[in-house]
Amino acid sequence: MAPKFGTSGLRGLVAELTPALVADHIRAFVAACDTGTGLYVAHDLRPSSPDLARVVIDTARAEGLVVTDCGDVPTPALALAAMAAGAGSVMVTGSHIPADRNGLKFYLPSGEITKADEAAILGALGRGAGSGAGRGALGTLETDAGCGARWVARYVAAFGAEALDGLRVGVWAHTAVSRDLLVDAMRGLGADVVALGRRTGFVPVDTEAVPAAARQEIRDWVAEHRLDALVSTDGDGDRPLVADGRGEVVAGDVLGQITARVVGAETIVTPVTSNSGVEAGPARVLRTRVGSPYVIAGMEAAGGKVAGYEANGGFLLGFDAELGAGVLPRLVTRDSLLPIIAVLAAGRAAGGLAALVAAEPARFTAADRLEGVATAASAALVAALQADDAARSGFLAALGEMPAGLVLTDGLRMPCASGRVLHLRPSGNAPELRVYAEAESPQVAQGLLAKALALVRERLG
């Protein structure tokens, strides 16, 4: 696929993310957006990332920017450090997608770029070398080896060194750039930590669509090591994964709604794909399209004690939250560590993570994706079902459901007479079709998802 912007920045095949193309996007970013005091750069652990990060660094320096190399650290740690320094930042990562792909995430000194910033960057492409403020004056190169440790320290200070005391927590390391910092965080909060599953070859972990084999491996680890919970993240550390003491993965939107309650949010902004259980709480709920730029825009419009989260569990804190041991300053970028710690701490107080989750409204989501699906093909399927009531009714009937409405906020969301929901959404930056199911239990949601995936495969040929 040709590299393109989507909900998580620029992404494409590594073979097509040439030095010239990456440099062009960095020059366009510098020309179109405010980078403040300079540019912070970091990367994930996929094989292509260090070389791409070097292109980013060299290009930004050639444009006259002071560049700070943070090495391999999680995206939220990079954003936290850059924002504190009043600088822009670029994270080289493909997040959860396979190692043959990669990408760039762009941040202003104020946080993630908006859709308007994205359009400005695209409009500034093709400017050529030396077209930015530097005009050939080489910017200095600095390093920041401590931004990961500061990311961990902010949570230990806010929750307290005994927040997870008595818990035995597994950390699934795989090739998450956050893996060692996760261990540090759990230990810093008082947990007994068991590190598991460390890999060298890149493992693409999608926290929103954990495959059956990985779920079984998690159950086995939890049983073998007598864990109270297991935690992990996706490749660049901005999406959490949490499993309870039975080894059952807790859905990301459930993590989000619990975390919002822990921090005391009065307004919650979340995409239409998050489960509807959040509406049962006292907070005001605002729905958006999928993607952190839309969540952030909603948070900015709402103001006050506002928080946001996505169905993948990534959490955005829009106010200074008062927690057990101190104040946690706002961080309006998708983060994995806050929901992991907040939910583990709340589960400890509730007598176990499984008990905490069981007390939430009985609404559960399941999600997966069909890879290798041309965008045109998935868009055509969605458009046909949207335009034809009979076709949509027939599609749902094949799944044993009846239609009860239609939501077009992002993709095709089909509420059913049973109270269940099926949602089809073509990906914004990859050749894949996302499928979501919501139901009254995790098992029913997974079953509806499996049937829907099979039906979509059949319809796509």
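Tabulated data for the structure shown
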| item | result |
| --- | --- |
| Asp192/Ala280 FRET efficiency (R0 35 Å; Cβ-Cβ; nearest 0.05) | 0.50 |
| For the stretch 4-145, Kirkwood radius (reciprocal of mean inverse C-alpha pair distance, Å) | 14.5 Å |
| Calculated P(r) tail over 18 Å for the stretch 400-456, as whole % of Cα pairs | 31 percent |
| Linear extension gain, Ala137 paired with Glu371, 0.36 nm per residue minus alpha-carbon span | 79.8 nm |
| Separation between Cα centres of the stretch 365-437 and the stretch 244-289, rounded to whole Å | 22 Å |
| Rounded to whole Hz, the Karplus (6.51, -1.76, 1.60) HN-Hα couplings of the stretch 377-385, x for glycine and proline | 5, 5, 5, 5, 5, 4, 5, 5, 5 |
| Shape of the stretch 146-189, Cα gyration tensor, a/c cut at 1.5 | oblate |
| Cα gyration tensor category, rounded, prolate or oblate, for the stretch 364-460 with a/c compared to 1.5 | oblate |
| Relative counts (whole %) of C-alpha pair distances in the stretch 303-414, using bins that are 5 Å wide | 2, 8, 12, 15, 15, 12, 10, 12, 8, 4, 1, 0 |
| Antiparallel DSSP beta bridges within the chain, as percent of all bridges there, nearest 5 | 60 percent |
| Arg459/Ala223 FRET efficiency (R0 35 Å; Cβ-Cβ; nearest 0.05) | 0.35 |
| Cα-based equivalent ellipsoid of the stretch 248-342: semi-axis lengths in Å, sorted from largest, via gyration tensor | 17, 15, 12 |
| Gain on full stretching of the segment that runs from Ala120 to Ala391 - 0.36 nm per residue minus C-alpha separation | 93.6 nm |
| 19 Å Cα-Cα reach of Lys105 towards lysines, excluding residues that sit fewer than 8 places from it in its own chain | Lys4, Lys115 |
| Length released on extending from Leu406 to Arg215, taking residue separation times 0.36 nm less the Cα-Cα span | 65.6 nm |
| Cα-based shape type of the stretch 149-358, given that a ≥ b ≥ c are square roots of the gyration tensor eigenvalues and the cut on a/c is 1.5 | prolate |
| Magnitude of the charge dipole, the stretch 149-358, Cβ model with Lys/Arg +1 and Asp/Glu -1, debye to 20 | 80 debye |
| The chain: equivalent-ellipsoid semi-axes (sqrt of 5 x gyration tensor eigenvalues, Cα, Å) | 33, 28, 20 |
| Size of electric dipole in the chain: Cβ of Lys, Arg +1 and of Asp, Glu -1, about Cα centre, debye, nearest 20 | 420 debye |
| For the stretch 1-151, share of DSSP beta bridges that run antiparallel, in % to the nearest 5 | 55 percent |
| At most 16 other Cβ within 10 Å, DSSP loop - GluC sites (Glu not before Pro), the stretch 418-461 | Glu440 |
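No value in this document is a laboratory result; all are computed from the given coordinates. Note that this is a predicted model, so its numbers are computed, not measured. So basically every Cβ, Gly included, is an ideal-geometry build from the backbone, and we count neighbours across all protein chains shown.
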